[in-house]
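Just below is one structure, and these are the notes that go with it.
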Amino acid sequence: MVAVAQASPAPPRRLVVVTTPPAIRSSTAALPAATYRRRRLVAAALLAGLLLAVFVGVNALAGPGPARPAEGGDGPGVVHVVQPGETFWAIARSLRPNEDPRPLVAQLVAAHGSASLMVGERIRLPAGS
């Protein structure tokens, strides 16, 4: 390491170069491997935190998608949030696995008003399901 100092107060001004003693230079030159491992770990943790924050922010901005309120707001039953790939048939089979799902599918479609579902949509399931 090289330091520059100015001699004073002799005119004309003159710069003097001062060098750092070798004992001081060598003590900071080589850091232990554990220090580098810690630094990499901290950098990886910061990167993971940043990626998580971006992921959460994007999902918060995107929202659950178009959702219609469940009909019969105060009536009995359970509200179900539609997941990706879910159909009325799959919902009916999960509610009543040992029965024929067709009557329940027809009931769910009639209550919903449409045969298509959107991810994130809330549908009211019949009471006793």
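The values are calculated or read from the model by the stated rules, or taken from the named source; none is laboratory data. The shown structure was predicted, so the numbers you read here are calculated from the model rather than taken from an experiment. Neighbour counts are summed over all protein chains in view; Cβ atoms, including those assigned to glycine, are modelled from backbone coordinates with ideal geometry. All accessible areas refer to the heavy atoms of the entire protein, side chains included, with ligands and DNA or RNA removed. Shrake-Rupley method; radii C 1.70, N 1.55, O 1.52, S 1.80 Å.
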Worksheet item: If Pro97 passes every condition in (1) at pLDDT 80 or above; (2) open to solvent by less than 70 Å² (accessible area, probe 1.4 Å) but one, which one does it miss?
Response: (2)
Worksheet entry | Residues satisfying the stated conditions in region 87-118, i.e. out of contact with any Asp or Glu (no Cβ under 8 Å at 6 or more places or on another chain) and in a loop (DSSP other than H, G, I, E, B) | Thr87, Arg96, Pro97, Asn98, Glu99, Asp100, Pro101, Ser114, Ala115, Ser116, Met118
Response to the item:
For strands (runs of 3 or more DSSP E) lying entirely in region 1-86, having 2 or more residues that are over 30 Å from Leu117 (Cα atoms), at pLDDT 65 or above and open to solvent by 100 Å² or more (accessible area, probe 1.4 Å) picks out 15-19
Practice prompt. Pairs only if they're at least six apart or on different chains, beta carbon under 6 angstrom, first in region 85-108 and under 12 Å from Pro126 (Cα atoms), second open to solvent by 80 Å² or more (accessible area, probe 1.4 Å) and in a helix (DSSP H, G or I); list them, first residue then second.
Written response: Val105/Trp89
